[in-house]
Amino acid sequence: MVVAAVCATLMVSLGLAQSATAAPGWPVLGNGSTGSNVAAAQHLLRGHGYDIAADSAFGPATEGAVAAFQQSRGYGADGVIGQETWPGLVITVRQGDSGPAVAAAQSALNKFGYGLAVDGEFGAGTASAVTSYQSSRGLAADGVVGPDTWQNLIGENGGGGSGTYSLPIPRDALSRGYYDVPHHDYAALDLPVGTGTPVYSISSGVANQINNDRCGLGYEVVGDDGATYYYCHFSAHGAGSGIRVDAGTQIGLSGNTGNSTGPHLHVEIAAGGVNRCPGALLGPVYDGSTPPAPGDLPTGGCIE
Ligand SMILES: [Zn+2]
């Protein structure tokens, strides 16, 4: 199957990159996102004084509240909850507390099957769920929902993989065969996923934002394995620039920005100064087997 898309070769200028602390695992939520993490975020926004409905659907009202919250904190006011916004949005709660932030914690705990009433009252039942959850994750079981517990509750494990590497999209987004589709003109991979699909870093490393005419919104991740990973055509950045990421950290939402004729995620892996076939790494990751080292990936066989 041939994916009709025009992609950019990547000689990008990255602009300023600054060091920051890693915040791996936070999901990226934007207009159109749905689900329990959206509900938790809406409750947390209510906890910061934004009077929006906690209906699990991220629409214009939520987007406006997020942008206002970001502006109040001096973050980039893009209306997307990503790696920068989550750590400021979460509110530490403990037994005896009440209000929207408690409802957010209850909503998040229910992702893990605790079946709590989302009533905003942090009583003994919620405390018991928190300590049980903390124990299950190897966290200090103190019953307090602080930054680490929040990140575990809200965070997601990326696209699946060996631990060293993650798929760049949720594993169930595309079948295995899409990782073997040849790319036009040069070694790369186009994954035909719709706008708003989570994009995860394949490797650990340092992520620098890209924003140019060819790639659109994207990232360059300088991997700890010595390879450089490029991701293009996002609808939204999910993290800052110059931040540390782990394999599976969400770095944005896929889209159709830059030189692209339809929504897809463009991926490149460069090692030893040349582009390599991403599918030769990602196919084994999909299969749960150990992929070759980036420098051993083929440079041909994935080009139309
Ligand atoms: Zn491409």
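Things worth noting here:
- Proxy reagent accessibility, fewest Cβ within 10 Å first, across GLU84, GLU304, GLU268, GLU156: GLU304, GLU156, GLU84, GLU268
- Among GLY242, GLY218, GLY125: highest mean-square fluctuation, GNM of the chain, C-alpha pairs under 10 Å: GLY125
- Per-pair calculated FRET efficiency, R0 = 51 Å: ALA57 and VAL274 via Cβ, rounded to 0.05: 0.70
- Average Cα contact separation per residue, region 171-296, under 8 Å, 6 or more apart, as relative contact order %: 29
- Against the chain, whose longest principal axis is taken from its Cα atoms, helix 36-47 shows a tilt of about 50°.
- Full extension of the segment from SER175 to ALA68, taken as 0.36 nm per residue of separation minus the current Cα-Cα distance, would add 34.6 nm.
- Extended-chain gain in nm, criterion 0.36 nm per residue less alpha-carbon gap, ASP148 and PHE112: 11.3 nm
- On Cα atoms only, tilt of 60-73 relative to the major axis of the chain in degrees: 90
- Entry note: the chain has Rg to Rh equal to 1.00, where both radii use alpha-carbon atoms and Rh is the Kirkwood radius.
Values in this text are rule-based calculations from the coordinates and carry no lab data. Keep in mind that this is a model prediction, so the values were computed, not measured. Please note: Cβ atoms are built from the backbone with ideal geometry, for glycine as well, and neighbour counts cover all protein chains shown.
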